[in-house]
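Below: one structure, written as structure tokens.
The values are calculated or read from the model by the stated rules, or taken from the named source; none is laboratory data. Everything numeric here is computed off the predicted structure, so don't read it as measured data. Cβ placement follows ideal geometry from the backbone for every residue including glycine, while neighbour counts extend to all protein chains displayed. Note: accessible area is taken over every heavy atom of the protein model, side chains too, but ligands, DNA and RNA are not part of it. Shrake-Rupley method; radii C 1.70, N 1.55, O 1.52, S 1.80 Å.
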Amino acid sequence: MDISVVIPLYNEEESLPELQAWIDRVMREHGFDYEAIYVDDGSTDGSWQVINSLREQYPQVRGISFRRNYGKSPALNVGFAKAQGNVVITMDADLQDSPDEIPELYRMITVDGYDLVSGYKKKRYDPLSKTIPTKLFNATARRVSGIKNLHDFNCGLKAYKQKVVKHIELGADMHRYIPYLAKLAGFGKIGEKVVHHQARKYGKTKFGLDRFVNGYLDLATLWFTGKFGKKPMHLFGLLGSLMFFLGFVAVIIVGALKLYNMHHGNHYTLVTNSPYFYLALTLMLLGSQLFLAGFIGELIVRNSTLRNHYEVEEEF
């Protein structure tokens, strides 16, 4: 099979017939053997009934229905597991992504050899309240991930080699960072294509401003696990040792100053009356806790079944 189109959706009953007709027309015009996997993320409207009716008209349609709303990442994760095409395309169900982009995305994967191609909605039909935070978010994601050539990490229109989607696992809300996840999994050839962005025709957006706050927290999690996931002691042990050392030196200085003043007959106070003594003890306690956190993290990693799990590309 040439292409699997994975489409997560939530309450999009009005757009689905038009979207599927559009996808089918593009696929037939270019002679692609395809499947369209609609993942209904617990819709409360008639989306699932529409998907069932589409199946009767288009045998290429496959449907997956969640009992409740879990989010876009779990929907994509399940769709990826079911996808059989050599190239996997993801797009949103709200008609803002154009299926006319599919042939060129397919060519970039199969001919140009990209592992992943992400769409870039250069001209957007969104309010400033959405576009400005999006630009800041993408700038931060480029900086942290090191993928300098991507301008729109969260674009729903993407293309992948099949092996990419089979080797990444999406946690909650991690769909924003699929290119970063692919890079961490060893798929480094990541490209971008400017795609057409259409104004929403039906319904309303399902995302609020809270996604930007959550997005930064998820990015911090990915950065940490990617850099220190295998060796947590390298971070916690270093910070803990440094803080303990500074606290220990400070305690010695406080004690030495008192002994110096006693020896020379100068006025002195109890060590416990000095605020620097308690600051030093606090540093030592925090340093010990960080060191122990790193040690416990190392024990967990060493007992993990994935500790020595490495992806082999080829062998003979």
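Structural remarks
- Our note on the geometry: Cα centres of the stretch 36-108 and the stretch 157-194, 17 Å apart.
- Relative packing of 62-71, 169-178, which averages over residues the other C-beta atoms within 10 Å, highest first: 169-178, 62-71
- Distance violations [Cα-Cα > 20 Å] among 161/231; 158/189; 166/193; 121/193; 148/193: 161/231; 166/193
- Distance between the pseudo-spin-label points of residue 112 and residue 261 (7 Å out from Cα toward the beta carbon): 7.1 nm.
- Rolling a 1.4 Å probe over the protein heavy atoms gives the stretch 42-88 an accessible area of 54 Å² per residue.
- The stretch 1-117: C-alpha gyration tensor shape, a/c 1.5 cut-off, then a/b vs b/c: prolate
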